[in-house]
1. Give all pairs with beta carbons closer than 7 Å in which a residue from the range 40-64 that is within 17 Å of residue 26 (Cα to Cα) meets a residue that is of a type in the set (S, T, N, Q) and open to solvent by 50 Å² or more (accessible area, probe 1.4 Å); count only pairs at least 6 apart in sequence or on separate chains.
2. For the range 125-136, indicate whether the set of residues that are within 11 Å of the ligand (Cβ to nearest atom), in a helix (DSSP H, G or I), over 24 Å from residue 191 (Cβ atoms) and over 13 Å from the mean Cα position of the chain (by Cα) is non-empty.
3. From the list 91, 154, 158, exactly one residue is in contact with an Asp or Glu (Cβ under 7 Å, 6 or more places away or on another chain), within 14 Å of the ligand (Cβ to nearest atom) and not basic (Lys, Arg). Which is it?
4. From the list 26, 15, which residue is touching a residue at least 12 places away in the same chain (Cβ under 8 Å) and more than 14 Å from the chain's Cα centre (by Cα)?
5. Evaluate the range 221-243: report whether one residue or more is more than 26 Å from residue 106 (Cα to Cα), under 20 Å from the mean Cα position of the chain (by Cα) and free of Cβ contacts under 8 Å to residues at least 12 places away in the same chain.
6. Taking the conditions exactly as written (surrounded by 15 or more Cβ atoms within 10 Å (Cβ to Cβ), part of a helix (DSSP H, G or I) and of a type outside the set (Phe, Trp, Tyr)), does residue 61 satisfy them or not?
7. As an exercise: evaluate residue 203 against (1) farther than 17 Å from residue 11 by Cα; (2) within 14 Å of the ligand (Cβ to nearest atom); (3) among the charged types (D, E, K, R); (4) touching a residue at least 12 places away in the same chain (Cβ under 8 Å) and give the number of the one condition it does not meet.
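The values are calculated or read from the model by the stated rules, or taken from the named source; none is laboratory data. Note that this is a predicted model, so its numbers are computed, not measured. Virtual Cβ from ideal backbone geometry, glycine too; neighbours counted across all protein chains shown. Please note that ligands, DNA and RNA were not included when accessible areas were found on the heavy atoms of the full protein model with its side chains. Shrake-Rupley method; radii C 1.70, N 1.55, O 1.52, S 1.80 Å.
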Amino acid sequence: MNKRAMITGASSGIGKATALMMARNGYNLIITGRREKRLHELADQLKKSEIEVKIMPFDIRDPQATRNAWNALSKEWKQLDVLVNNAGLAAGADPIQEGRWEDWEQMIDTNIKGLLSITRLVTPEMIKRNKGHIINVSSIASSEVYANGNVYCASKHAVHALTKGMRIDLLPHNIKVSSISPGMVETEFSIVRYHGDKGKADKVYEGLTPLNADDVADAIEFMITRPSHVNVNDMLLMPTAQASAVYNHRE
Ligand code: NDP
């Protein structure tokens with residue numbers, strides 16, 4: 001029987017690449033995100049791997065919508081082997097004194113509270129089966145802080161603390177908790193961060209080769225294919241041209 005996984009934020013970037021990788025590994029998948037059309041298109045692509053796919057279009061910032069989507073699943077679909085907490089974003093890049101409240105709320109509500117609300121629903125089912133694997137998509141921003149990264153970095157520092165806390169709480173229940181912490185990955189991330197300004201987004205990757213979404217999916221593949229007694233606590237994955245959150249080498 002195929003294993004089951006849920007990937008939040010699968011309509012783009014790292015989540016989408018992870019869904020394709022997990023389909024190749026034979027997982028039946030629940031894919032989530034707000035852009036339903038994209039999820040349908042991805043589902044059609046995933047089904048070529050002869051797996052079952054469920055689409056759950058909801059805004060992860062809305063706990064009631066998240067609960068409703070979860071409650072609509074059958075008993076079998078709720079039995080997840082892997083949860084990839086990926087949905088997230090950076091909104092804005094302003095110094096603290098100029099930051100927009102709406103951006104801050106969006107990051108905190110998605111990156112922290114969204115991750116928590118889905119984890120709260122999934123973990124009791126994993127505990128019943130005494131197995132499971134949660135992978136939090138964190139960031140280099142979970143351990144470093146850079147100029148104008150203030151609230152985004154704080155939200156990923158929170159993901160780092162939650163990953164450690166979840167690992168301790170779920171330890172007696174044989175549930176693995178991992179995080180993947182990438183540096184720059186070229187996805188829709190920077191377009192979203194700069195509120196759709198493609199010019200500014202392109203500048204982020206100018207003169208260097210960033211990671212791509214498949215590079216991160218490869219790292220996640222390594223995590224989910226370890227034997228049951230091995231857990232990858234965290235993996236820090238950087239482009240060769242990036243030494244830290246601050247030091248990049250551009251041609
Ligand atoms: P993308 O913008 O390409 O993808 C983000 C995904 O998150 C989309 O599928 C989006 O779906 C989903 N999402 C965002 N907000 C919500 C919401 N409110 N409700 C439901 N889904 C939501 O960016 P990435 O693939 O790069 O980002 C994925 C993760 O990787 C994020 O957590 C990000 O912080 C992290 N990361 C990214 C790095 C990078 O440089 N790209 C570096 C380090 C970490 P939709 O819009 O359809 O709702």
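1. From residues that are within 17 Å of residue 26 (Cα to Cα), the pairs are 51/2.
2. Scanning the range 125-136 turns up no residue that is within 11 Å of the ligand (Cβ to nearest atom), in a helix (DSSP H, G or I), over 24 Å from residue 191 (Cβ atoms) and over 13 Å from the mean Cα position of the chain (by Cα).
3. Criteria check complete, one pass: 91.
4. On the way: 15 fails: more than 14 Å from the chain's Cα centre (by Cα).
After applying the criteria, what remains is 26.
5. yes
6. Numbers: surrounded by 15 or more Cβ atoms within 10 Å (Cβ to Cβ): yes; part of a helix (DSSP H, G or I): no; of a type outside the set (Phe, Trp, Tyr): yes.
It is false that residue 61 is surrounded by 15 or more Cβ atoms within 10 Å (Cβ to Cβ), part of a helix (DSSP H, G or I) and of a type outside the set (Phe, Trp, Tyr).
7. Single failed check for residue 203: (4).
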